[in-house]
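**Q** Right, I'll just put the structure down here and ask away after.
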Amino acid sequence: DTVKPVAAIPEIAELNIGHFLIGEAIFRGLRETVETMRGLIAEARAEPSS
């Protein structure tokens, strides 16, 4: 829920999301979790900031 607003902040160059990814991967699988997160980050960084 929060990755897109945080990733959209231009001054933030790095997201430390490793613990979240592993925790989420328990329920969804690692590949799906990483692909979803990469997609959300890419969308956020492609959208113009408000």
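**Q** Name the single residue, out of those in the stretch 12-29 being modelled with pLDDT of 95 or more and of a type in the set (D, E, K, R), that is nearest to the chain's Cα centre (by Cα).
**A** GLU24
**Q** Which residues, taken from the chain, are aliphatic (A, V, I, L, M) and exposed (fewer than 10 other Cβ atoms within 10 Å of the Cβ)? Spell out the reasoning first.
**A** Of the chain, the ones aliphatic (A, V, I, L, M) are 3, 6-9, 12-13, 15, 17, 21-22, 25-26, 30, 34, 37, 40-42, 44, 46.
If the condition is that a residue be aliphatic (A, V, I, L, M) and exposed (fewer than 10 other Cβ atoms within 10 Å of the Cβ), then ALA13, ILE26, ALA46 are the ones that fit.
The values are calculated or read from the model by the stated rules, or taken from the named source; none is laboratory data. If you're wondering where the values come from, they're calculated on a predicted model, not measured in any experiment. Note that each Cβ is placed from the backbone with ideal geometry, even for glycine, and that neighbours are counted across all protein chains shown.
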